[in-house]
Amino acid sequence: MAEFDWNNYLEVNKSIAVPEELFLHVEASLNNGIKQGMLLEVCHKNNPDIYWIAEITMVCGHLLRIKFIGAENDFWCDISNTKVHPLGWCGKYDELIEPPDEINEKYGDTIIDIMKNALLDGQSVSIEALNNKGLSPIDRIKVGMKVEVQNVIDPYRYWIATVCENVGGRLLLRYDGSDDDLQQFWIFFTNPRLSSFGYVTNKGSPWQFKYPGKVNKFSCKNKLSTQLRQSAEESIKEPTPADLFQPNQSLEPHNFVTGMKLEALNPVDMKTIRPATVLKVFNNFHFLVIIDDHADDYEDSKTAWLCDSMNPYIYPIGWAQRNNITFKTPKIWKDGPFDWDEYLSMTSSVPAPDYCFGIKEPLKEIKVNMKLESVNPQNHEEIHVATVDQIVEHMLCVELLPIGERFWCDQNSDLLFPAGWCDSNDYALHIPDTTTINKEPAKVEEKIVKEDLKSSDEWCDRIFFNYKCYAGPSISRNKLSQLPKHVGPGPLSLVLKEVLNKIISASYKPAKLLKDWETEEHPEEGMRLEVLRAKLKSSTYHACVPVATRRSQVDAFCRAACVRLQACPCLFGPTEHADRCPNSCQQVDKSTFHNGTERRGRPKGSCNGRRKKKKAPEKREKEQQPSQETESNKDGESVESEHSAGSTPPSEQGTRPNSPDSSTEYKRSQRRKREAKNNYPKMEMKTRGAKLPNFALQMKEAHWDKKDVETIYNNTCVTKKQTPDSDSENETNESSSNSREMKNISDVSDSEEPELKKLKFNTYDPLPTDNKMFEKDVQMTWIKGKLKLSPNPLDWSVDDVYEYLRNTEDCKLIAEKMKQEEIDGQAFVMLDLPVIREFLHMKKEFALQLSKHIAMIRWYTMNFEDNCVT
C-alpha cells in the first residue's frame with residue numbers, strides 16, 4: 001500500500017478538510033492550561049529568591065517565552081526546572097516581589113502603575129497547570145493507569161478498567177478481572193463515561209461497582225472485595241491524577257417521563273431512526289431510552305441509550321420524516337406507510353414534547369464533501385478516511401472510504417478526528433484507492449489503452465484461491481475460506497500484491513510469514529521487489545518481497561510461493577480447481593509438501609506459546625547437558641514465538657487444525673535468536689499528542705562520553721581532508737552505518753519488531769559503538785576553528801545558530817527556518833523533539849537530526865568549563 005498524503009488527496013479531489021479546531025475532544029487532549037498572555041511570578045535570573053511578574057508571549061509545551069512587566073526583551077523559560085508560580089503566590093508565602101534593577105532604573109515609581117494595569121487585564125496561570133509542568137492530558141495518561149467506567153445503561157453502575165494503550169488520547173481499556181467474556185474496547189479520554197480511580201468510593205451509595213459482563217462473576221461480596229483490593233494495589237504503581245477524568249458536571253435537568261415515545265438513532269448500526277420509548281428515569285439528569293423492537297432484550301442487543309436532556313441521538317416524533325432520513329418501522333406495524341398517531345394509539349402512549357429535547361445548535365463551519373478521519377462504528381479498531389455526505393441540523397452523515405459505509409453521528413462525537421490525526425499519532429489509517437483518482441481520459445482512448453494493456457505482458461488474468469487444497473501449517477483454513485474466490489484480472493503487479501496480501505491476512509502469524517518471504521538481495525531476473533505490509537493489532541510490519549514481472553511467470557511464481565508455504569502447489573494460481581485437486585492433496589501424506597523442512601507452529605507440550613519446563617532430567621541427560629549448552633552458545637539462543645497462544649487456533653498437541661498428522665516424531669532444532677547489534681533506548685513518537693524521544697535519557701543510557709560527542713561534531717560539522725587512512729576509516733563507518741540502515745524485519749526479533757520498525761537511521765548517523773570514529777586526541781574544531789563562534793553556545797545569537805546549522809551536513813536545509821523563527825543559542829539549547837515537531841512543524845527526519853545536534857550542544861554547554869580546558 002502506497003504512503004497516503006492528505007495534501008495530495010485533497011488537491012486531487014478539489015476538497016478541503018474539516019478545520020481542526022472544530023474537533024473539541026482533540027483540542028482538549030492538547031490543552032495544557034497555559035496560554036499566551038497569561039501572567040506568572042518568575043524568579044530573577046541573577047537572584048532566585050526575588051520574584052517579578054512576567055507575561056507569556058509564546059507557549060511551546062513546557063518551554064515558555066516570557067517577558068518581565070516593563071522589560072523590552074523576552075526570554076525562554078523551562079517551567080520544569082525554573083521557579084515559577086501563579087499570581088498571588090509571593091503574597092501568600094511572604095516572598096519578596098520587586099522588578100529587576102534595569103527595569104527599576106528605567107521606570108522608577110511608575111512601574112507600580114504599569115504592574116496594576118497588567119494585573120487588571122491579565123489572567124494568571126493555574127497552579128494545576130504549573131504542577132503538571134506544561135504536560136498535556138495525553139502526556140499525563142500512562143499505560144497501566146486505572147479508570148472507572150460507567151455502565152452503558154445505568155448511571156450508578158461502574159467497573160474498574162486498566163489503560164492498555166494510549167494513542168493520542170484514544171484509550172484501549174481492559175476491564176479488570178475479565179477473561180474472554182469481555183473484550184478490550186477503545187474510548188476517548190474525554191468521554192463522560194470515564195472517571196478517575198476512586199470516584200465511586202468517594203460518591204458512595206447509590207453508586208456501586210458491578211461487573212458489566214452477562215454473568216456477574218463478582219456477585220459474591222468476598223470475590224468483589226478481593227478484586228477491588230487487587231485493583232487498588234495495582235493502581236499504586238501508576239496513580240491516576242484526579243483531574244484527568246471528570247464526569248460531565250454541566251448537565252441540565254430533563255423533563256422526560258417514563259413511557260414517552262420518541263425517535264432514536266439505532267445504537268447498533270448508527271444508520272436508521274427507529275421508534276423508541278423512555279423505559280426508566282434514574283434521576284433529574286439521566287434516563288434510559290430503548291428501541292421498541294428490542295424492549296425485551298435491550299441489554300443483550302445493546303439497543304439502548306443512557307441519555308440526558310442534550311443527548312444528540314434522540315429526537316421528537318416525525319423528525320426523521322421532516323429531514324428525509326431513513327426511518328425503520330417497528331415489527332408490530334402492519335403494511336403501509338407509518339403513521340405516528342395510529343402507532344401511539346396502538347401502544348396507548350404519549351409523545352415526548354419538543355421542549356424536552358433541548359436546543360441543539362446547527363452546524364455552521366462544516367460543509368458537505370469536507371474530508372476527515374472517522375472510526376468505523378462496527379469495528380472501533382479501524383479508522384478510515386471519510387467524507388461528509390449529508391448535514392441535518394446538528395447531525396453529520398459520514399461516509400467511510402473505501403468501504404462506502406455511511407452512518408450518522410453528532411458533530412462533537414469522539415469517533416471523528418481531523419485529517420492527519422492517524423499519521424500524527426502513528427496509527428493505521430484505512431485509505432481509499434488513490435490510483436484511480438483524477439483519471440478521466442477520453443472513452444475511446446481509455447478502451448484502446450485497456451485493450452493494449454490486456455494484450456501486454458503486464459496484464460494478469462484471474463488468480464484463484466483453491467481453499468479445498470491443503471493450506472499448509474501457516475495458513476488458517478477458516479480464514480482462507482473467507483477470501484474471495486479470485487483476484488483480478490488487472491495489472492500484473494497489483495494483482496500479485498493483492499494475492500500475497502490476502503494470503504498474509506489468512507495466516508496465523510502475518511509478521512512471521514512476511515519475514516519468511518522477505519529478501520534483501522537483488523531479485524532474480526524477471527522479478528522485482530514490492531513492499532508488502534502485515535498488520536497485527538496496532539503494529540504494522542513491512543518487507544520487500546520479490547514478485548513476477550511477466551505474465552508467463554505467473555503460474556511458476558504462484559507454485560513457488562505455495563511450496564514455500566509448505567502447502568499444496570495448487571493452493572492459489574491461474575487455474576481453478578473447484579472439485580478435485582490434481583495433486584490429490586487430501587489423500588496423500590501431508591509430509592510430502594514439507595520438502596524436508598521443519599513443521600511450523602508451537603512445539604508439542606507448549607503452553608501459551610512457550611515451552612513447558614521439563615521435569616528433572618535423568619542422569620544420562622545431565623551428562624549430555626554441558627555439550628548441548630556449548631553447542632547452543634555457538635549457534636545462538638532459541639527464540640520464542642512472536643505472538644501469544646491467544647492468536648493461535650486451538651488444536652491437539654500444539655498443532656493447528658490443518659497441520660499434517662503423522663506418527664513420526666519430528667525433531668525440532670533450536671532456532672537462533674536474532675539479537676539487535678545495538679540496543680537503543682525505546683523511542684516514543686509524539687506530534688499532535690503522541691510521545692516523543694527523551695534525548696537526555698538516550699545519552700544517559702547509551703553512556704556517551706565527551707570524546708564521543710566531540711567526534712560526532714567533527715564528523716557532521718567539519719569537512720575533513722581525505723587521506724588513505726581516513727578513506728578506509730570512512731568506509732568502515734559507512735559499512736557499519738549501512739548495516740543499521742538496512743535493519744528490516746528480518747534483522748530483529750519478533751518481540752522488538754514494533755519498536756525497531758518505526759526507527760529510521762541514516763548512513764551518516766555516527767554511533768558510540770563505531771569505535772574507529774572515536775580517537776583519543778580529537779579537538780572540537782567546530783567551535784574553535786572553522787566556524788569562529790562563541791565558545792559558549794548560550795551566548796550564540798540567531799546568526800550564530802544559523803551559521804552552525806548551515807555548516808552541518810544533515811541540518812543545513814533547515815538553517816533558514818531556524819533563522820526565521822529567531823532561535824538564538826539559549827532557545828536552541830532548550831528545544832526538544834516535541835517542541836520541534838509540534839510548534840516548528842518540521843518533518844520527522846529533520847526533527848530527529850536537529851534534536852541530535854541540540855542534545856550534543858546541551859551536553860557541551862553543561863561541560864563548558866572542561867571543554868575550555870581541553
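Quick notes on this one:
- Shape of the range 479-596 from the C-alpha gyration tensor: rounded (a/c under 1.5, with a ≥ b ≥ c the square roots of its eigenvalues).
- 3J(HN,Hα) along the range 374-385, derived from phi through the Karplus expression 6.51 cos²θ - 1.76 cosθ + 1.60 where θ = phi - 60°, amounts to 9, 6, 6, x, 7, 8, 6, 7, 9, 10, 10, 5 Hz, with x in place of Gly and Pro.
- Excluding ligands, DNA and RNA, the accessible surface per residue across the range 469-514 is 33 Å² with a 1.4 Å probe.
- Per-residue extension of 0.36 nm, minus the Cα-Cα distance of residue 226 and residue 354, leaves a gain of 41.3 nm for this segment.
- In the context of the full protein assembly, residue 158 retains an accessible surface of approximately 10 Å², using a probe radius of 1.4 Å and ignoring ligands and nucleic acids.
- Size of electric dipole in the range 352-422: Cβ of Lys, Arg +1 and of Asp, Glu -1, about Cα centre, debye, nearest 20: 200
- Each peptide in 71-81, 114-124 gets a packing score, the mean of other Cβ atoms within 10 Å over its residues, and the list from highest to lowest is 71-81, 114-124.
- Given in Å, the Rg to one decimal and the Dmax to the nearest whole number for the Cα atoms of the range 273-423 are 17.0, 54.
- Relative contact order, percent, the range 32-177 [alpha-carbon distance under 8 Å, six or more residues apart]: 21
- Only the Cβ atoms of Lys and Arg (+1) and of Asp and Glu (-1) were treated as charged; on that basis the dipole of the range 1-149 about its Cα centre amounts to roughly 460 debye.
- For residue 322, net neighbour charge (Lys/Arg +1, Asp/Glu -1) across residues whose Cβ lies under 12 Å away: -3
- Cut-off 10 Å between beta-carbons: net charge of the residues surrounding residue 144, Lys and Arg +1, Asp and Glu -1: +1
- Here the gap between residue 181 and residue 208, fully extended at 0.36 nm per residue and compared with their Cα-Cα distance, gives a gain of 7.6 nm.
- Reducing the range 155-206 and the range 357-379 to their Cα centroids gives an inter-centroid distance of 26 Å.
- Each Cα pair of the range 528-576 feeds into the Kirkwood radius, which the Stokes-Einstein equation turns, at 20 °C and 1.002 mPa s, into a diffusion coefficient of 174 µm²/s.
- From most to least packed by mean Cβ count within 10 Å, the peptides 317-325, 384-392 give 384-392, 317-325.
- Farthest towards the positive end of the charge dipole of the range 509-596, among the residues 588, 527, 513, is the Cα of 513, using unit charges on the Cβ of Lys, Arg, Asp and Glu.
- Annotation for residue 131 and residue 65: the two label points, set 7 Å from Cα along the Cα-Cβ direction, are 3.0 nm apart.
- Scattering profile of the range 34-99 at q = 0.16, 0.21 Å⁻¹ [log10 I(q)/I(0), Debye over alpha-carbon scatterers]: -0.46, -0.81
- For the range 1-102, the carbon plus sulfur part of the accessible surface works out to 48%, probe radius 1.4 Å.
- Fraction in percent of alpha-carbon pairs per bin - 10 Å, the range 7-123: 12, 36, 25, 12, 9, 5, 0
- Taking all pairs of distinct alpha-carbon atoms in the range 329-389, Kirkwood radius in angstrom: 16.2
- The range 219-269: projected area of the alpha-carbon convex hull, averaged over directions, in nm²: 8.0
- Of 272, 262, 232, farthest towards positive along the dipole that unit charges on Lys, Arg, Asp, Glu beta carbons give the range 162-275: 262
- Length gained on full extension, residue 112 to residue 50: 20.7 nm, using 0.36 nm per residue less the C-alpha separation.
- Net charge of neighbours whose Cβ lies under 15 Å from the Cβ of residue 545, counting Lys and Arg as +1 and Asp and Glu as -1: 0
- Rolling a 1.4 Å probe over the heavy atoms of the protein chains gives the range 1-88 an accessible area of 49 Å² per residue.
- Probe 1.4 Å, protein heavy atoms only - accessible area per residue of the range 94-237 in square angstrom: 54
- Only Lys, Arg, Asp and Glu carry charge here, each on its Cβ (+1 for the first two, -1 for the last two); on that basis the range 325-375 has a dipole of about 260 debye about its Cα centre.
- Cross-link check: pairs 334/360; 497/812; 364/844; 302/497; 83/106; 14/364 evaluated at a Cα-Cα cut-off of 30 Å; pairs beyond the cut-off: 334/360; 497/812; 364/844; 302/497.
- Among 331-338, 374-381, the order from most to least packed when residues are scored by Cβ within 10 Å on average: 374-381, 331-338
- The convex hull drawn around the Cα atoms of the range 1-49, when projected onto a plane and averaged over every direction, covers 7.7 nm².
The values are calculated or read from the model by the stated rules, or taken from the named source; none is laboratory data. Just so we're clear, the structure is a prediction, and the values are computed from it rather than from any experiment. When we count neighbours, we look across all protein chains shown, and the Cβ atoms used for this are built from the backbone with ideal geometry, even at glycine. We work out accessible area using only protein heavy atoms, side chains counted, and drop any ligands, DNA or RNA first. Shrake-Rupley method; radii C 1.70, N 1.55, O 1.52, S 1.80 Å.
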